[in-house]
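Engineer: Pasting a structure here, questions to come.
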Protein chains: 4
Amino acid sequence: MQRGLGLIGTGYLAKAFAVGYRAMPVLFGPDAGVPVLELVCTSSLPGAERAAAALGFNRATATSEDVIVDPSVEIVVVNTPNHLHAPMALAAIRAGKHVHCEKPLGLSPAECRSMTLAAEAAGVRTIVGFNYRQNPATALAREIIQSGEIGEAISIRATHNEDFMADPDIPLGWKHRKATAGHGALVDVGSHIVCIAEYLLGPIARVCGRLRTVIETRPVQAGASERGPVETDDEARFLLEFVSGMGGMIEASRIATGRKMQLGYEVYGTRGSLCFDQQRMSELQLYEAKGPTGRRGFKTIPIAAEHPDYGAFGAGPGHGIGFNDQKIIECRRFLEAIATGRPASPDFRAAWQVSEVLEAVARSSESGSWEAVSPI
Amino acid sequence: MQRGLGLIGTGYLAKAFAVGYRAMPVLFGPDAGVPVLELVCTSSLPGAERAAAALGFNRATATSEDVIVDPSVEIVVVNTPNHLHAPMALAAIRAGKHVHCEKPLGLSPAECRSMTLAAEAAGVRTIVGFNYRQNPATALAREIIQSGEIGEAISIRATHNEDFMADPDIPLGWKHRKATAGHGALVDVGSHIVCIAEYLLGPIARVCGRLRTVIETRPVQAGASERGPVETDDEARFLLEFVSGMGGMIEASRIATGRKMQLGYEVYGTRGSLCFDQQRMSELQLYEAKGPTGRRGFKTIPIAAEHPDYGAFGAGPGHGIGFNDQKIIECRRFLEAIATGRPASPDFRAAWQVSEVLEAVARSSESGSWEAVSPI
Amino acid sequence: MQRGLGLIGTGYLAKAFAVGYRAMPVLFGPDAGVPVLELVCTSSLPGAERAAAALGFNRATATSEDVIVDPSVEIVVVNTPNHLHAPMALAAIRAGKHVHCEKPLGLSPAECRSMTLAAEAAGVRTIVGFNYRQNPATALAREIIQSGEIGEAISIRATHNEDFMADPDIPLGWKHRKATAGHGALVDVGSHIVCIAEYLLGPIARVCGRLRTVIETRPVQAGASERGPVETDDEARFLLEFVSGMGGMIEASRIATGRKMQLGYEVYGTRGSLCFDQQRMSELQLYEAKGPTGRRGFKTIPIAAEHPDYGAFGAGPGHGIGFNDQKIIECRRFLEAIATGRPASPDFRAAWQVSEVLEAVARSSESGSWEAVSPI
Amino acid sequence: MQRGLGLIGTGYLAKAFAVGYRAMPVLFGPDAGVPVLELVCTSSLPGAERAAAALGFNRATATSEDVIVDPSVEIVVVNTPNHLHAPMALAAIRAGKHVHCEKPLGLSPAECRSMTLAAEAAGVRTIVGFNYRQNPATALAREIIQSGEIGEAISIRATHNEDFMADPDIPLGWKHRKATAGHGALVDVGSHIVCIAEYLLGPIARVCGRLRTVIETRPVQAGASERGPVETDDEARFLLEFVSGMGGMIEASRIATGRKMQLGYEVYGTRGSLCFDQQRMSELQLYEAKGPTGRRGFKTIPIAAEHPDYGAFGAGPGHGIGFNDQKIIECRRFLEAIATGRPASPDFRAAWQVSEVLEAVARSSESGSWEAVSPI
């Protein structure tokens, strides 16, 4: 069954979406539906036409409304700057489309809430582009935790550090303004690792954290000597308590000099532990407190066909998956959800929950004390 | 410009070819041509039809000749067992098609020679599926060596070890017979690392090596108690001398228990060294003998847009590429060669040279002494 | 010049002290004095005599007072359970001895304060056994930070996790009672990493943290079915703010299943970063944001003669130091301090400061909000 | 029981010997005897006196004969340049002393043979300073292999690469002349890894290799513009066949730019594999082909009290040993041998066997074919 796709926004990740939807049925088979790249939209028509040619879409438009109302478009992919996620997604939902929204879902929990409730009321499927969560290694980590292989989980230490804003001469942009970005590192990278933490260990109940804006001013435009204030955080750190009672802590930074993809976590359990580093994304480390003590150690497990989703890629064990492969899996998850009518993971509701956690961190940074995550 | 594609053989790597050709223009742009997945062939028609549906080909056939003569097929992909590479490729060449042949090219240097000469006489483009060679990290390694950044290259130590034949109860198959496989580990994995060694450092002049068949018998079929002899090698080890005078050594095994993708190399130069491990395929280690001695060390460079081909994938620095991404690059290389009329790398000639090296190793294993690689 | 040594307590680390003082002059030369292992004390005389023979002390006693008043003893090493550190050290100070005290210094900031002020009033030298701080790799990290090689330091993420209390059937002991241990993981391992954080980056001003006792009861004695309450923490996590304004976070655990010596830190600066892991204690990772972007990466620097103290060990570069070598360096530091009359590092005052940080974490865990570290 | 020690030669490793013998009884206990550092010798008397003070010897001499005949010296440590090992050791043997000789034992198999036969005839104990062999991680590797935990051993790939001669302006010295050094990298580092290979897997029967002198001339003295020829090899590579039928290959280099201590090996077996790297000397990697395939991987085992010798050091599991600790273990091995009258490991005979292997490699490099190792 074919499913028409409309893409709004041709910036970062547009290629990943195009490859993801094109490659998905080849790797996973056509049973959940075959996406047709129907219509692509960006603000200028020539730009949209170039994108259509480059990405393999059938048609182009400069009007997002065209995408939303197009009868051959069944799935709308929202790949715009953060502050347009809500209006675009809500319009698509109103038009009865399934929505694949890039992360973060909305700028605030309130936005996320309205998006979630709208989608649920409309009965459309949703998914949010927390692509690292789709890594087979992380899916394996979850499987190990949930099976009890490491006993009862006790705590997590997690990080998502990059350095894409470490240069103080990167000029002010939408990521530096509260109105367009909501938050800084907390949202850009922190949302990924919070999403993963909840995927692995369930909902977070309380947090205590601190946001820091280290580079307080930036050039008002590239090369300008005039500098204006940065409104969003460069670093976020917070302690966690899960609903289950487990503890943990998270660091998220966009100015961690030298780090390009330091998304990782270490989960300790009563009978084992596991450890993951997205920089070496095709392996998981597992410690099992069993067997002779002199033969124990962290085991480096290369991801193979025995593990979630990897088999679909057709490669030998340990032969490795890449960044875009995660997007392919994400597209698969969404098509499955549409085909079955069951929620995708992570859907808008899961992303709303992430947003509540981030907002509680921001509140805690103001109050200087623990803050409960608002129930969703 | 569209270029019709015919795929012969739907076993291992068929998905990689399908994704490779479909994703290529999305990532690299359509300037070198846009592949159209026209016709797929395997021995049974229902099987071919299933493959067409699964892999996204327009049509299916059970007759390889159909693929070869089809006027809408401009590129023939040969993805059959090793002993059919030569007849399929030669037929395609005779029909004036460009040929993308899975590795190893032929069963013997003689076969490789006739395939190479036929393709050159016909003026068609060729490429061979030594996909690891297309890894951006290895392309970066070559760039570093050729720029003189590590001084004059002195030697290489390289390995390609896997364990897919480590279980002694895997039954006899075409890979265990000389007539169908040529050699064992020497060809299955050794050919990859020889190809890379020559890509990095130029042609190999002489070798001295030893082939070993450790698991001497295998069940005649799955579960059988009767066992028959294994004719091909499980392990190959050899010393090298390059035409340049450089030295080195290589290990290749298909029974290296625990190793799934231990393709790696260490190249020493007079002013630096580099080190690569396909198990961590998105990074390269570089040592530069400069700066204060107390600040020297092997640097782990994450592959980023500054490096060959990675930029096309659209992902952030160090965000990682995977196994299939190498095939996408290989497809790109081939389309470029077709578009420009210049040889692809590695073409049939390069693969013939690899075959001569492997054959010299086999001769050396018999003679117990150094053997010159026959000039091509 | 010879300096007589008295050791009180023959438990864990007694060997390290004996080797440390014996090997020190051989490696560093006799210029700072040559220790003489004069007198060793433990609670039973036969035990003390066995220890004297085993560790190479000249004499033995079962009375700590004997050590303290012995005229040939110039240096008293306090290697007792935590709650005896203060009385032993204070008695030794009163007797005019230099005191080498195992960590933690006292059970509370108040004890540490009185020990520090007593030593300073008496004019004796002191050092505290935070041996990991003496690792040449960490001394190199400090040198790099202080020289500005990574620009201005921004933040630290640090950990000291072990699993020596992960087994819930380890019976109750002095480490589980507040009266004898003060705190649990916070002190056992957290004190090490706090000491290092302050060594690298200066004093900590404020903290916000949480202590957790995960294993709430333990057998009252080995093998007993009756279980009693654990009073001290198994895990401590806290956010930091340094006096300099820098931020950070620390995790310390004694139940981190699988971790035996996961003491590590990552320090981010404006122009570089560094990363250390005591599990690979003879190397430091350094990232420098300079040179072509395509050649940047974390560099693994093997510790060599160019770095602090390593040269004294006489081994080749990167040949590796071990746990006890850190104690040898600590002994060297102390003899230098005695010889020169200048404070050792870390002396009682530095350890008192660590104690104030830990106490602020404990207060914060009660209050649920940030707590200032009391000024010393 | 006290055992008097005489040390001949105060160059590299003199500190290691002094610390090794002093620390040994403290760590392992006095049961195998307590060494007394009696007499030290180097060519000038003032130098010897300085060494005595620095290293803690009772007396000094400039005459090696003094050491050999001294009645209070029971053990002679030969730490001279390579070509003096034989005359010194033979004289000591004639005087009835036990001999601890630095590696390599002699310059040629003939020398090694005469030294071995003399010692065996005299009934004295011998040991040779192949200190890496004493690393607990390597002792654990042997234990694992011999217990059958990795099934039947199949092959080994091993390396000992350093770069101490990589600078082409290091002037000519005794290591560059055949008469004083025998061979170059083959002996300096190759002997270590051959010794370990035989320790792990038994005697080597045949080899096929190649020696290369890459830096063909060096300054006749430091800073000189005149250059003279280098007679010894910079790199050695060879294929192996063990008496057991196992295969393997070894690389040894003194010009491997960037490598300071790349001694390592990978041993493949039919049911598992192990992997070691002296750069991370306190851990061993083990793969066991058992349990669910999706949970298999190389396990990083931190060396702990369950493993050979580590317990004596008194440190926690995974807390790490260093270069000099290997010498301490070597001294322990020798004292045990003297106390029990049983051979130490590796004794002169084991070192002679190593020498025969190296010589066969050199012969093979000349003949261009496989050479049998002469039986000892």
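The values are calculated or read from the model by the stated rules, or taken from the named source; none is laboratory data. Just so it is clear, the model here is predicted, and its values are computed rather than measured. Cβ atoms come from the backbone with ideal geometry, glycine included; neighbour counts cover every protein chain shown. Just the protein is used for accessible areas: all its heavy atoms, side chains included, with ligands, DNA and RNA removed. Shrake-Rupley method; radii C 1.70, N 1.55, O 1.52, S 1.80 Å.
Engineer: Quickly run through region A:329-375 and pick out the residues that are out of contact with any helix residue (DSSP H, G or I) (no Cβ under 9 Å at 6 or more places or on another chain) and among the charged types (D, E, K, R).
Structural biologist: Once the filter is applied, which keeps residues that are out of contact with any helix residue (DSSP H, G or I) (no Cβ under 9 Å at 6 or more places or on another chain) and among the charged types (D, E, K, R), region A:329-375 yields A:ARG363, A:GLU366.
Engineer: Something else about it: Considering only region B:182-206, how many residues are under 15 Å from B:ILE170 (Cβ atoms) and open to solvent by less than 10 Å² (accessible area, probe 1.4 Å)?
Structural biologist: Summing the residues that are under 15 Å from B:ILE170 (Cβ atoms) and open to solvent by less than 10 Å² (accessible area, probe 1.4 Å) in region B:182-206 gives 2.
Engineer: Tell me yes or no: at least one residue of region A:72-79 is touching a residue at least 60 places away in the same chain (Cβ under 8 Å) and over 26 Å from A:ASP325 (Cβ atoms).
Structural biologist: Within region A:72-79 (the criterion being touching a residue at least 60 places away in the same chain (Cβ under 8 Å) and over 26 Å from A:ASP325 (Cβ atoms)), the answer is yes, since at least one residue qualifies.
Engineer: So D:GLY245 passes all but one of these: (1) within 23 Å of D:ARG349 (Cα to Cα); (2) assigned to a strand (DSSP E or B); (3) among the small types (Gly, Ala, Ser). Which condition number does it fail?
Structural biologist: Only one criterion in (1) within 23 Å of D:ARG349 (Cα to Cα); (2) assigned to a strand (DSSP E or B); (3) among the small types (Gly, Ala, Ser) is unmet by D:GLY245, namely (2).
Engineer: Still on this structure, I have one more. Report yes if D:ALA54 is more than 23 Å from D:VAL128 (Cα to Cα), touching a residue at least 24 places away in the same chain (Cβ under 8 Å) and either surrounded by 17 or more Cβ atoms within 10 Å (Cβ to Cβ) or in contact with an Asp or Glu (Cβ under 6 Å, 6 or more places away or on another chain) (or both), otherwise no.
Structural biologist: Against the criterion (more than 23 Å from D:VAL128 (Cα to Cα), touching a residue at least 24 places away in the same chain (Cβ under 8 Å) and either surrounded by 17 or more Cβ atoms within 10 Å (Cβ to Cβ) or in contact with an Asp or Glu (Cβ under 6 Å, 6 or more places away or on another chain) (or both)), D:ALA54 does not qualify.
Engineer: When both residues are 6+ apart or on different chains and their Cβ atoms are under 7 Å apart, which pairs have a first residue that lies in region A:7-33 and is closer than 19 Å to A:PHE130 by Cα and among the polar types (S, T, N, Q), and a second that is open to solvent by 10 Å² or more (accessible area, probe 1.4 Å) and in a loop (DSSP other than H, G, I, E, B)?
Structural biologist: A:THR10/A:THR42
Engineer: Do we have C:PRO302 as under 18 Å from C:TYR132 (Cα atoms) and either in contact (Cβ under 8 Å) with a residue 40 or more places away in the chain or facing chain D (nearest Cβ under 7 Å) (or both) here?
Structural biologist: Answer is yes for this residue.
Engineer: Continuing with the same structure: On the given criteria, is C:GLY341 touching a Phe, Trp or Tyr at 6+ places or on another chain (Cβ under 9 Å) and on the phi > 0 side of the Ramachandran plot?
Structural biologist: In short, no.
Engineer: Those residues that are facing another protein chain (nearest Cβ under 7 Å) and open to solvent by 40 Å² or more (accessible area, probe 1.4 Å), I need them from region A:13-48; list them, please.
Structural biologist: Result: A:LYS15, A:ARG22, A:PRO30.
Engineer: Follow-up. Restricting to region A:207-230, what's the tally of residues that are open to solvent by less than 20 Å² (accessible area, probe 1.4 Å) and β-branched (Val, Ile, Thr)?
Structural biologist: 2
Engineer: Check off (1) assigned to a strand (DSSP E or B); (2) under 19 Å from the mean Cα position of the chain (by Cα); (3) not aliphatic (A, V, I, L, M) for D:ARG218 and give me the number that stays unchecked.
Structural biologist: The failed condition is (2).
Engineer: Hey, among B:GLY318, B:GLY322, B:GLY314, B:GLY341, which residue is at pLDDT below 95 and farther than 30 Å from D:ARG254 by Cα?
Structural biologist: On inspection, the qualifying residue turns out to be B:GLY314.
Engineer: Which residues, counting only those in region C:92-131, are within 22 Å of C:ARG332 (Cβ to Cβ), among the hydrophobic types (A, V, I, L, M, F, W, C) and in contact with a Lys or Arg (Cβ under 9 Å, 6 or more places away or on another chain)?
Structural biologist: C:VAL99, C:ALA119, C:VAL124, C:ILE127, C:VAL128, C:PHE130
Engineer: Does region D:264-273 contain at least one residue that is in contact (Cβ under 8 Å) with a residue 24 or more places away in the chain and over 25 Å from B:ASP234 (Cα atoms)?
Structural biologist: no
Engineer: For C:LEU90, all conditions in the list (1) within 14 Å of chain D (Cβ to nearest Cβ); (2) within 24 Å of the chain's Cα centre (by Cα); (3) without any contact (Cβ under 8 Å) to a residue 60 or more places away in the chain hold save one; what is the number of the exception?
Structural biologist: Here C:LEU90 clears every test but (1).
Engineer: Could you list, in sequence order, all residues of region C:93-134 that are hydrophobic (A, V, I, L, M, F, W, C) and under 17 Å from the mean Cα position of the chain (by Cα)?
Structural biologist: C:VAL99, C:CYS101, C:LEU105, C:LEU107, C:CYS112, C:MET115, C:ILE127, C:VAL128, C:PHE130
Engineer: Could I ask something else about it? Is one or more of the residues making up region D:286-295 over 22 Å from the mean Cα position of the chain (by Cα) and basic (Lys, Arg)?
Structural biologist: Within region D:286-295, one or more residues are over 22 Å from the mean Cα position of the chain (by Cα) and basic (Lys, Arg).
Engineer: Going by what's in this entry, would C:LEU172 be described as open to solvent by 10 Å² or more (accessible area, probe 1.4 Å), assigned to a loop (DSSP other than H, G, I, E, B) and more than 14 Å from chain D (Cβ to nearest Cβ)?
Structural biologist: yes
Engineer: Condition first: within 14 Å of chain D (Cβ to nearest Cβ) and under 30 Å from B:GLY311 (Cα atoms). Can you find one or more residues in region C:318-326 that meet it?
Structural biologist: No.
Engineer: Right, next: For region A:276-285, give me each residue that is at the interface with another protein chain (Cβ under 7 Å from one of its Cβ atoms) and either of a type in the set (A, V, I, L, M, F, W, C) or over 19 Å from the mean Cα position of the chain (by Cα) (or both).
Structural biologist: A:MET281
Engineer: Next question. I'd like the full set of residues that are within 14 Å of chain D (Cβ to nearest Cβ) and either free of Cβ contacts under 8 Å to residues at least 60 places away in the same chain or within 18 Å of C:THR213 (Cα to Cα) (or both), limited to region C:244-258.
Structural biologist: C:ARG254, C:ALA256, C:THR257
Engineer: Quickly run through region C:231-243 and pick out the residues that are out of contact with any strand residue (DSSP E or B) (no Cβ under 6 Å at 6 or more places or on another chain) and open to solvent by 10 Å² or more (accessible area, probe 1.4 Å).
Structural biologist: Listed by number, the list holds a single entry, C:GLU231.
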